[in-house]
Amino acid sequence: MSDAVRRSRAGLQDPKRPIASFIFLGTTGVGKTELAKALAEYLFNDETMMTRIDMSEYQEKFSVSRLIGAPPGYVGYDEGGQLTEAVRRKPYSVVLFDEIEKAHPDVFNILLQVLDDGRLTDNKGRTVNFKNTIIIMTSNLGSQLIREDLEKHGGKLDSNEQSLLNNQLMTMLKKTIRPEFLNRIDDIIMFLPLTKEQIAGVVKLQMNAVKKMLEPQGFTLEYTDAAINWLADAGYDPEFGARPVKRAIQDYVLNDLSKKLLAEEVSREKPIIIDANGAGLVFRN
């Protein structure tokens, strides 16, 4: 990804095409969408500079026209297209197509023009420029294959095993997406399920977000490494990735903290320290 962005910044990218285009493959909850958000924030200084289009809404042939707008005489003609309007308003942005394998084949015909010429004409004849966008497509294709491979090799893959898995995923992808479309993608990136150490890093990020959220209300929250490790254990599920972490923080931190505050067992005037012992999390001032 960094290479594609560097090429664009150095002026070595085809000026008619989007900055870069990627397909992210991997199981649920491994950070495919989060990486797209982080890229939007880094490149365009704003996480909201990302347009997310859920491809499960474009499974039927008649729904494909909604990307560029309904034809004259049809309902929704004045509204414009979901894709073309978003890029017209935010020409410098990341465009995320979620779960691309669910899209109707006609969607790929529209995206082919975007990847090839960097432009698209909407239902009113206006040309929309995509040359300052990054196109990202995510897919859960091969999730079962990735999980089975990791279980077979004890949760870790060496470079040869990764290469073999990559080839198997590419074969699956070619059966779903036409080769001429895949040939126009800059890179196909495979995401492996998160390890327990990586989940601990996610817990730390989420706890920092909670800390930030509580600051305007006069709370000062601190936590120990033991608390982070305990939450990482509670929120670790290889099948669902980082998604259970948010639930674990809600169940074991926010719910318990609210009870302690209402019972006046901890004070908001002093820093609240979250620690862990064998039984669970401990809150103290």
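Brief remarks follow.
- In the chain, the calculated helix contribution to ellipticity at 222 nm averages -12500 deg cm²/dmol per residue, counting -39,500 (n - 2.57) for every DSSP H run with n ≥ 4.
- For Val282, distant residues with modelled amide H under 5 Å away: Asp275, Ala276, Asn277
- Note on Glu148 and Leu112: their simple-model spin labels are 3.2 nm apart, each label 7 Å out from Cα toward Cβ.
- Counting DSSP beta bridges with both ends in the chain, the antiparallel % (nearest 5): 25 percent
- With coordinates expressed along the principal axes, the C-alpha atoms belonging to the chain extend over 65, 48, 40 Å, beginning with the largest.
- Helices meeting the span-like rule in the chain (full DSSP H runs, Cα extent of at least 15 Å along the helix axis, mean Kyte-Doolittle score of -1.0 or higher): 32-44, 105-117, 159-176, 196-214.
- Members of Lys90/Lys124; Lys32/Lys196; Lys204/Lys260; Lys196/Lys246; Lys32/Lys246 lying beyond 20 Å, as alpha-carbon distances in this model show: Lys204/Lys260
- Cα gyration tensor category, rounded, prolate or oblate, for the stretch 196-284 with a/c compared to 1.5: prolate
- Taking 12 Å as the straight-line reach from the Cα of Lys175, the aspartates and glutamates in range (excluding those fewer than 8 positions away in the same chain) are Glu101.
- Ranked Met1, Met207, criterion: other C-beta atoms within 10 Å, fewest first: Met1, Met207
- For the chain, size of Cβ-based charge dipole, Lys and Arg +1, Asp and Glu -1, in debye: 720 debye
- Put in line by how crowded their Cβ is, counting other Cβ atoms within 10 Å and starting with the fewest, Val30, Val253 read Val253, Val30.
- Between Leu39, Leu157, Leu194, the Gaussian network model of the chain with springs among Cα atoms under 10 angstrom shows the greatest mean-square fluctuation at Leu157.
- Of Ser159, Ser93, Ser21, the one that fluctuates the most in a GNM where the chain has Cα springs shorter than 10 Å: Ser159
- Full extension of the chain between Glu79 and Lys270 yields a length gain of 63.5 nm, computed as 0.36 nm times the residue separation minus the alpha carbon distance.
- Remark: relative contact order (the chain) = 21 percent; criterion is Cα-Cα distance under 8 angstrom and separation of 6 or more residues.
- Within a Gaussian network of the chain (alpha carbon springs, distance under 10 Å), most fluctuating of Pro15, Pro238, Pro91: Pro15
Every number here is computed from the coordinates shown, using simple stated rules; none is lab data. This is a predicted model, so every value here is computed, not measured. Cβ atoms come from the backbone with ideal geometry, glycine included; neighbour counts cover every protein chain shown.
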